[in-house]
Amino acid sequence: MKKLFIGFLVLSVGIGITAAQEKTFYIYKDKNNPSNHFIPSGWMGDYGDLKFNDQCTQEKASGSTSIKITYTAKKSQGQGWAGIYWQSSANNWGQRQSGYDLTGFNKLVFKAKGENGGEVITKIKVGGIRRNAQGELVTYPDSLEVDYGPIKLTDEWQEFYINLAGKDLSYVNGGFCIVFNADQAQKEQVIYLDDVYFTYDPNLKEEVKKTNFPFYVYADADSLDNHFCPSGWMPATAAQDLKLYTNWKENPLSGSSCIRIEYTNKSGTRWAGIYWQNPPNNWGSIPNAGFDLRGATKLTFWAKGERGGEIINEFKVGGISSGEYPDSDSASIGPVQLTKEWKKYEIDLRGKDLSYIIGGFCWATNIDVNDPHGIIFYLDEIKFEK
Amino acid sequence: MRKIKKVFKAGSLGVCLIFFSLFSQAKQMTIERNSAGGYTFFVKGRPFLIKGIIYNPTPIGSGYDYDLFSDPTKPWIFDGKLMKEAGINTVRIYSCRGADLRKVKKFIRELYKKYKIYTIIGDWLGLWDRPCPNYADKEFRQYTKKKVLEIVKALKDEEGILMWVLGNENNYTFSGKIAFWTSPEIEEIPDLYERVRKRAQIYYSFVDEIAGEIKKIDPYHPVALGNGEVSMLDVAAKVCKNIDVIAVISYRGKRFGNLFENIRYLFDKPVLVSEFGCDSYDAYKDKEDQDVQAEYIKFQWEDILKNTTFKNEKGTCIGGTLFEWNDEWWKHNEGYTSDWSVHNRQAGWSNGSYYFDIKAKDNLNMNEEWFGIVGLSKEKNEYGINKRAPKKSYYLLKEIFLKN
């Protein structure tokens, strides 16, 4: 798991770091500034949900302009997330050798604020353009991949930094990447970015990875503690059979929301299930994507059925294996017959290898053991515990 | 059953090793556990790594009812030679139920005398019977036990016998994935998952009962519990007192992941990977791919070896029996006899761990008729059997086995 330490410091507008005094490599200083590098050309996911303005003059942390990004969270392409990569040359997904050797830098700094406060950036990435859509290594892969997030913004400029100490920056094509998630954003949001640059900090030490428990798969729809994404709909026909509401407000077990799942057999496939994956749609082809959850002894969750009696054949942790980088293990319980009231369940993880988990949670069932018209059930508080 | 505990002190190494001898006959089979928790299988006093293959050499045109032991062409005479050349030292037979046991004896004897190849004899414990087996049914249990013990009695004195394996993937019946069975006692349990665990308890108790009876007749060969993956082994650990080895069936792609450590945690016994492998057909590209099969088997065997005491003091694995010797042309449409002469290219099931062809239609990527490391041709050889065409994986295994 990449849990990077981030320090932030609330700055008054206008008090910026003087680039001239430091060794810096700018991604964005001001519109058309000659020191800018990388191009925000790599639009991903629900790209139709994004509006991008890199010469915003209404808000700026320093200089004359900032970047304004509006994320509508409408899921225009049905992905539930959207993002932009700043690439070393336009639309370079690893096919051209235009990346920079940034050896000697150990820190990425950026400033950000929200329009109103409360806006969520799901992830900031440095590097990570390594595989194509087929999961094959690209010709010129980034030499590092560092993720940070999520971040909840305020309506004031804050400076953030990502610790890159000890990372290999010898080839950086994806200099900066920002990702939003519709569940976390909940609604349209506007965020601003400014003064994005690499620098060197002699006091920065290499990050030691540490996982804190409980480690949530799902707490509430908008919780920044959530990990994994319910992107693995199974089988291919599942979109006809499933409706997933991750922000169901009626009678959650705790907090503001729970998950509601409606399952019918419209496709005739007779079975369905959903994997919570990291990152979304990772069936095992993406390197360095698994969370290290060693130390957890169980996964607990709460579930209930709309009527009681609904049968879920299997609840599972791990077990994704369709690629070079599979889950390090799997564990499951089932079948489980749900009750009408919330009930806690537990998957025993003792003796399991949890060093690399990409499939944080999964359920699967079939129509033959259930009401032929379908079932509705609810989940909440899904978490790994010590 | 006689159990002897021996304590050896390896003074020159300065290490004290404690060995628990599971079987007493020094000239036969013993399994010893070292102080690091590793297991070593000894045959006639020498460490023995099971470099095995599953053997069911169904000729082209024959099917599930093929009786190997009555086959006048005796394919094992020819195959045994090829196996020996490749360093294979064990064959695993799924079942010899219903066969003429005198002929089975002869098969075991010939393979051993001619090629020093041992035989592991298994029994399905009724898994594929119709009607489905009911392990809660007293009569079924008695009948099955009687049949297994008849086999053990008849074959136990053959020098070529290595081990008995009880069941295969019978644990998949607990949840009803295959061959569902139940009883009024089970149905009274309100919690569905507890019903599954109750079935496990009933089944494993039954296996243990047979294992105990086998030991009364034959204390010299280990008795293994066949199990599909690791599911329910925690239940087995609680009820099985007479099981010596876990014979695990595992298709996890290139590597076995945490399989060995997990079994150590659930039911700390020596592990035989009794079924593993890879087919040689790429269902996505719709063409034969011997390279991929060889690559997967290479990684799988390396992982097995890494988990034996030959390479790692803590190793719990005593070897593997690869699925399988030759392609079997009847398996895709097993009920359609005309198809038994066709080498079907259609895949029958899906396994994402074999991701090279998982993008095949409906994700069906496992080609059951292409798991052999030896291909068959319709042409017959001088022994009257289908000509053998060793695949790349055969030569790869030969290289690995002869090196180890």
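The values are calculated or read from the model by the stated rules, or taken from the named source; none is laboratory data. None of these values were measured; they are calculated from a predicted model. Glycine also receives a Cβ, built like all others from the backbone with ideal geometry; neighbour counts cover every protein chain displayed.
Worth pointing out:
- Whichever residue in region B:254-276 is surrounded by 23 or more Cβ atoms within 10 Å (Cβ to Cβ) and aliphatic (A, V, I, L, M) and, among such residues, is farthest from the other protein chains (Cβ to nearest Cβ): B:L272
- Within region B:183-203, the residues that satisfy the criterion of being within 14 Å of chain A (Cβ to nearest Cβ) and either polar (S, T, N, Q) or outside any helix (DSSP H, G or I) (or both) are B:I189, B:P190, B:D191.
- Against the conditions (1) at pLDDT below 95; (2) within 12 Å of another protein chain (Cβ to nearest Cβ), A:A289 satisfies every one except (2).
- Scan of region A:339-355 for residues that are more than 10 Å from chain B (Cβ to nearest Cβ) and either crowded, with 17+ Cβ neighbours inside 10 Å or over 21 Å from A:H227 (Cβ atoms) (or both), ordered by number: A:T339, A:K340, A:E341, A:W342, A:K343, A:I347, A:L349
- Matching residues, region A:48-84, being closer than 22 Å to A:V126 by Cβ and of a type in the set (D, E): A:D54
- Restricting A:K340, A:K344 to residues that are in contact (Cβ under 8 Å) with a residue 40 or more places away in the chain and in contact with a strand residue (DSSP E or B) (Cβ under 7 Å, 6 or more places away or on another chain) narrows the list to A:K344.
- Against the test of being within 14 Å of another protein chain (Cβ to nearest Cβ) and in contact (Cβ under 8 Å) with a residue 40 or more places away in the chain, the options B:F206, B:F180 yield a single qualifying residue, B:F180.
- Region B:152-177 residues that are more than 15 Å from B:I202 (Cα to Cα), paired with ones that are among the basic types (K, R) and surrounded by fewer than 23 Cβ atoms within 10 Å (Cβ to Cβ) (beta carbon under 7 Å, 6 or more apart): B:A154/B:K105; B:L155/B:K105; B:E158/B:K105; B:E158/B:R109; B:G160/B:R109
- Only one entry in A:G127, A:G104, A:G94 is buried (at least 19 other Cβ atoms within 10 Å of the Cβ) and touching a residue at least 60 places away in the same chain (Cβ under 8 Å), namely A:G94.
- In region B:309-342, the residues that are crowded, with 17+ Cβ neighbours inside 10 Å, within 18 Å of B:P75 (Cβ to Cβ) and over 19 Å from the mean Cα position of the chain (by Cα): B:W329, B:W330, B:W340
- Whenever a residue of region B:135-149 is of a type in the set (A, V, I, L, M), its partners that are assigned to a helix (DSSP H, G or I), lying with C-beta atoms within less than 6 angstrom and at least six residues away or across chains, give the pairs B:A136/B:I202; B:V148/B:I210; B:L149/B:E213.
- Residue match in region A:285-295 (condition: of a type outside the set (F, W, Y), out of contact with any Gly (no Cβ under 6 Å at 6 or more places or on another chain) and over 30 Å from A:N132 (Cα atoms)): yes
- Once region B:145-177 is narrowed to residues that are part of a loop (DSSP other than H, G, I, E, B) and within 14 Å of chain A (Cβ to nearest Cβ), the residue that is nearest to B:K44 (Cα to Cα) is B:F174.
- When region A:279-301 is filtered for residues that are within 18 Å of A:W363 (Cβ to Cβ) and surrounded by fewer than 21 Cβ atoms within 10 Å (Cβ to Cβ), the ones remaining, listed by number, are A:P280, A:N281, A:K298, A:T300.
- Of everything in region B:340-358 that is within 14 Å of another protein chain (Cβ to nearest Cβ) and outside any loop (DSSP other than H, G, I, E, B), the residue that is nearest to A:I320 (Cα to Cα) is B:Y355.
- Here A:W276 qualifies as more than 14 Å from chain B (Cβ to nearest Cβ) and crowded, with 16+ Cβ neighbours inside 10 Å.
- Qualifying residue in region A:182-191 (condition: modelled with pLDDT under 95 and touching a Cys at 6+ places or on another chain (Cβ under 9 Å)): yes
- Region A:37-117 holds strands (runs of 3 or more DSSP E) entirely within its bounds, and those carrying 2 or more residues that are in contact with an Asp or Glu (Cβ under 6 Å, 6 or more places away or on another chain) and not acidic (D, E) map to A:66-71, A:107-114.
- Of the residues making up region B:93-115, not a single one is assigned to a strand (DSSP E or B), surrounded by 21 or more Cβ atoms within 10 Å (Cβ to Cβ), among the aromatic types (F, W, Y) and touching a residue at least 12 places away in the same chain (Cβ under 8 Å).
- Set A:Q186, A:Q240: member being within 17 Å of the chain's Cα centre (by Cα) and either more than 28 Å from A:S267 (Cα to Cα) or touching a residue at least 12 places away in the same chain (Cβ under 8 Å) (or both): A:Q186
- Of the residues making up region A:293-338, those that are away from chain B (no Cβ under 11 Å) and either at pLDDT below 95 or under 25 Å from B:L233 (Cβ atoms) (or both) number 11.
- Residues in region A:289-322 that are over 22 Å from the mean Cα position of the chain (by Cα) and of a type in the set (F, W, Y) were compared, and the one that is nearest to A:M234 (Cα to Cα) is A:F315.
- Check on A:K344, assigned to a loop (DSSP other than H, G, I, E, B) and at pLDDT 95 or above: no
- Qualifying positions in region B:116-152 - of a type outside the set (A, V, I, L, M, F, W, C), within 16 Å of B:S95 (Cβ to Cβ), within 21 Å of the chain's Cα centre (by Cα) and surrounded by fewer than 22 Cβ atoms within 10 Å (Cβ to Cβ): B:D129, B:K145, B:K147, B:E150
- Some residue of region B:136-144 being outside any helix (DSSP H, G or I) and not polar (S, T, N, Q): yes
- For region B:277-298, the set of residues classified as surrounded by 19 or more Cβ atoms within 10 Å (Cβ to Cβ) and either within 14 Å of chain A (Cβ to nearest Cβ) or aliphatic (A, V, I, L, M) (or both) consists of B:C278, B:A283, B:V292, B:A294, B:Y296, B:I297, listed by residue number.
Residue-wise test of (1) part of a loop (DSSP other than H, G, I, E, B); (2) modelled with pLDDT of 95 or more; (3) within 14 Å of chain A (Cβ to nearest Cβ).
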| residue | (1), (2), (3) |
| --- | --- |
| B:G315 | yes, yes, no |
| B:G319 | no, yes, no |
| B:S338 | no, no, no |
| B:D362 | no, no, yes |
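Results for (1) part of a strand (DSSP E or B); (2) within 20 Å of the chain's Cα centre (by Cα); (3) of a type outside the set (D, E), shown as yes or no for each residue.
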position: A:E324; (1), (2), (3): no, no, no
position: A:T339; (1), (2), (3): no, no, yes
position: A:T365; (1), (2), (3): yes, no, yes
position: A:H373; (1), (2), (3): no, no, yes
position: A:D380; (1), (2), (3): yes, yes, no
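- When residues in region B:361-404 are screened for being buried (at least 19 other Cβ atoms within 10 Å of the Cβ) and of a type in the set (G, A, S), 3 of them pass.
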